[in-house]
């Protein structure tokens, strides 16, 4: 995308080189024109109208067929605005955005008429402004060359004062404003008058300083402009195909996915990813798969995510299958999801192909190894296919922690609405951010927050796995990682071991040695995170945020990134969701709530009531709106004396002991029993009996602080891990017998 920048009157385009330097992902064009940033010493165009006509004609010819956006600074804002009007109405070219920088709205401009009473006053004014380049200030001939244009500006501006525009005359181009909040002449409330120019107003962003000094802090200015551009492009996103196109413009040359290849790192830009997705969607459409059910199984590879996105915009209905499933389990999902096509990684052929055969369905297959060749054979432009954003686009099978998994049907609207709400609440953006992706790719947390959310926010996603995540953080210089509490505890153990081996290092230096200097945070979800674990990890100079959600609500229900943090809470509920507590159970309602369970009306009716999703989680809100979880409704232990026990509450207390790796609290013949898998690394270091005695002592201390009917009466140790889902959740139902 071409981003055309119109500098201020009296400044050279070269003074805006930093925009090009600091936005390398975009093609920034610094437009030099007579009187505004040019080096001509002849008087510029005779009238403002003649100038803008000439510029619009030049742009329409020069960038014919290209996607463009416009940025205008100070006096250049009015040029950019008028050129935008002409491009839309005379040439049928609709820019993707118009960013107004450091400029008063046209209807406020008449307050400066005194400046233009005479050439002398104008020159005096120009010389008093430090924002004017010294090259211009010291060249009286050049300075006077700007006079006719600027005076014409003042005379002509009243032609397009926003409040004089009818609805039909308003732009259909997103318009955003960046201004200085310390400007003596610009009142903040007048900035929004620019919204009278357009039907699609983005909003305004205030920066420190007045409008002449706005770009002294280049980093803040570029960040604000980037956010305005992103917001403008995101305004028109109602389906995943539009998201693919618009964000490939917003982050064109920035790496989106990177992965290890031939001993090095292979990086694919947002624009390149867009091209491969479109090409593969053309292939899938050619195979007659529009509206059909497609299954996908493999590691988190470039081809996996490309296939998933392409299938979603065909549109087909796609199901990602757990790559650790046996052949019979794969067969079960193929049958239950009505699969007609499966894309598989070659390494899993020995399980996939027998599963296809045993399904006794006419399922066609494609090996992922064939995909790169297909990318070059099909068009890179979007597939023209009608998309119903309210229809199911994916079926995700739940983890199965409490029994047989169910197929959650999610639509495009579910995905975009939930991730849009997370973006607003969390404040996450792609500004120089890279994430390491290790989560299982059949899980909602990976597919939406790791993958789609990274694409929405311009984040670079580095592909790894749980076996190589520590070394890969350093390899890819990752800044953040999305994880679950069990994995976070593994990181904490490694941080502590590194600290013990390097007693002379500070905790931050320990983090830098184990991970990398750039690494700054964990985002934790999928299970409750104990405050003690969070605090212990943060001692090493990283930030730990958490969220709460479920597949049935397209990932997030609450998060604490932007709202801050309150001990014991999982965050504040997303603003776009309705929320209530019914008999201690959390209910939520909103566009992110699933369509239902695939071919399971009974199970759907059990959890959906008048649009309300009964989460099955128990909890409460405090007076400030912070959400706290107390357990799962299905996991409640009801003792013979009638007392209700939440096992999660007790498990959280026990897990505070660093020697505990995993724990389940179960009812064994009316006796509360803690079944514990200890940290094997500590057993090897300290001895089995010492570790077990330390755990028993910890439980005795816990018992002193809780009611007698909640106290743990028996402790049983395991010598192997509990059986878990691929998202590292314990399959509790296997042990509740």
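Since every read-out is calculated from the coordinates, none of them should be taken as a lab result. Model, not experiment: these values are computed from the prediction. Here the Cβ is made from the backbone with ideal geometry for all residues, glycine too, and neighbour counts use every protein chain on show.
Below, the figures for the structure above:
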{"quantity": "Potential extension, residue 684-residue 599 segment - 0.36 nm per residue separation minus Cα distance", "calculated": "25.7 nm"}
{"quantity": "Rounded to 5, the percent of DSSP beta bridges in the range 496-575 classed as antiparallel", "calculated": "60 percent"}
{"quantity": "Rough spin-label spacing in nm, given labels placed 7 Å along Cα→Cβ, for residue 707 and residue 262", "calculated": "6.6 nm"}
{"quantity": "Length released on extending from residue 649 to residue 628, taking residue separation times 0.36 nm less the Cα-Cα span", "calculated": "6.4 nm"}
{"quantity": "Label point 7 Å beyond Cα of residue 286 along Cβ direction - residues of the range 312-333 with amide nitrogen under 19 Å", "calculated": "312-316"}
{"quantity": "Ranking of 446, 88 by count of other Cβ atoms within 10 Å, fewest first", "calculated": "88, 446"}
{"quantity": "FRET efficiency for residue 639 and residue 539, using Cβ-Cβ distance with R0 set to 35 Å, rounded to 0.05", "calculated": "0.35"}
{"quantity": "Point-to-point label distance, residue 700-residue 717, nm (Cα→Cβ direction, 7 Å offset)", "calculated": "1.5 nm"}
{"quantity": "Distance between the range 611-653 and the range 326-366 - C-alpha centres, whole angstrom", "calculated": "38 Å"}
{"quantity": "Two-site label geometry, residue 90 and residue 21: point separation in nm, points 7 Å out along Cα→Cβ", "calculated": "3.5 nm"}
{"quantity": "Spin-label proximity, residue 199 to the range 221-252 - amide N less than 16 Å from point 7 Å beyond Cα toward beta carbon", "calculated": "235-237"}
{"quantity": "Theoretical gain in end-to-end length, residue 253 to residue 566 [0.36 nm per residue, Cα-Cα removed]", "calculated": "108.8 nm"}
{"quantity": "Förster-model FRET efficiency, 35 Å R0, residue 474 and residue 369, C-beta, rounded to 0.05", "calculated": "0.75"}
